[in-house]
1. I want to verify the translational diffusion coefficient of the stretch 152-216 in µm²/s; compute it with Stokes-Einstein, Rh as the Kirkwood radius over Cα pairs, at 4 °C and 1.567 mPa s.
2. From zero up to wherever the largest Cα-Cα distance of the stretch 220-375 sits, split into 10 Å bins and tell me the percent of pairs in each.
3. Taking only the C-alpha atoms, wrap a convex hull around the stretch 114-234 and report its volume per residue in Å³ as a whole number.
4. Between the stretch 170-246 and the stretch 291-313, what is the C-alpha centre distance in whole Å?
5. In the stretch 332-421, what percent of the accessible surface is made up of carbon and sulfur (1.4 Å probe, ligands and nucleic acids excluded)?
6. For the stretch 134-274, what relative contact order do you get, as a whole percent, if you take Cα pairs closer than 8 Å and at least 6 residues apart?
7. Can you check how the C-alpha radius of gyration of the stretch 97-145 compares to 2.2 N^0.38 Å, as a plain ratio?
8. Between C322 and E236, what is the label-to-label distance in nm when each label sits 7 Å out along the Cα-to-Cβ direction?
Amino acid sequence: MFRLSMQAAVLIILYAIVIAAALTADAFAPVIPLQKPTSRRHLLPKMAAKKGKKTNQRNSQPRTASGKGFGQNKSPTTVTVDDSLQSAAKVETPCSSPIHADLLTWLKQNPNTFVSPKFSLQPSTLGGYGGFANAPIPKDELLFRIPRECCVTYEDALSDPDCGEAFRLIKEKRVPSWRMILIAGWIAKEYLVAKEYEEAITTEKDGIKHSAYFQSVPWDRGSLGQDHLLFWSDEEVETLLGGSLAYEDALLIRKTVDNAVMLLCGVMVPIVHGVRVGLRDQDLHSTDDDADYTDILERLQQAIRGAFVIALSRSFAEEVECDDESIEVENLLLPLIDILQHSNTPNTILEPYEDYVLVRARRDVESGEELFHQYQEENNDVIPPHKFFTRYGFIPGVKEPIAELLKGRSHLFFDSDDTNS
């Protein structure tokens, strides 16, 4: 088991001091105001949400969401699922993607998972993959029940036996953007450890809890149609984004991730190196150490950037009311739910509970219709198109490549005076 070294602890503290002085804002702070739900089955925006007060008490009735944003209810003792649906759900879910087929198999190993037999996973009309109805779905019918234990949460990072101590210190010192650092850092470490097991041809990979989920998300540029600015070169940023409305925001995000990469590599290189050495049955003073460290460092740098893309474009945020009545915002990843594409007029709605998250039909859905979730309200005063791009890697309703929009000095990225010059 890896123990946090004094050097790593000092690095974290220095990072917190230096970056706090350099940055005036959290690059990944929610950009949408928290909204009051109209009912307990309120849509969970990806960057702003509300979760109930943590408690050990159980309640057979769900508590109505209160306050702003997304309310987490107590899990009812039962969630009614039509018997015919429950029986049919045991059959294989139609899926045209092998990586997502593995994800579905893993999720269904948990007895509390439910995936409607009316759901299928296919290439989306918007690029990448998405969810579709393969039969008519009436309003309010249950589509998914995803157990919280299958989700990626802060607890996974904070309780990790290898680097949990480092993550707890990052949280304690309130390192800038610590919320995203916890999620991105932990999944990057787990992903690389799984890769080490895979390359060593060992079944130990099966011990990586979320391995199937990690294989279903975009770690590299072009994967699943992802082209986030964190994958761009410095030259591309200057050439394409220079002078645009997105430029300053893009620089802030990239600088924050650069700093996080330095911090996390200092903590995680020894962990991944220890796994590699253990698999080779060699001691830590192997003559291959220098080459190993260089290779692992390069892999980690790439993996951490990919992890930030995943966390930025796919994570949801919840406000947690703590025992002292203070409010904390927590980010989490919701497997399968995060495959649904964005629409400002979604046809699904989320019900968050203490033990799981439900997805229901928001309205009657026709067979063959794609299923959509709303990442953010499309409101220029809240999150203009260029910020949709810097966060999620796309602009709603726009299929033209972002690079072409920038080359053409689109009004989505440039002020009218600039587009006319």
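1. The estimated diffusion coefficient comes to 105 µm²/s.
2. So the P(r) values, bin by bin, are 8, 24, 27, 25, 13, 3, 0.
3. Convex hull of Cα atoms, per residue: 180 Å³.
4. Distance between centres, Cα-based: 6 Å.
5. For the stretch 332-421, the apolar C and S fraction of the accessible surface comes to 41 percent.
6. 21
7. So the Cα radius of gyration is 1.21 times the expected 2.2 N^0.38 Å.
8. My value for the distance between the label points is 3.9 nm.
The values are calculated or read from the model by the stated rules, or taken from the named source; none is laboratory data. A quick note: this is a predicted structure, and the numbers were derived from the prediction, not measured. Glycine also receives a Cβ, built like all others from the backbone with ideal geometry; neighbour counts cover every protein chain displayed. For accessibility, only protein heavy atoms count, side chains too; no ligands or nucleic acids. Shrake-Rupley method; radii C 1.70, N 1.55, O 1.52, S 1.80 Å.
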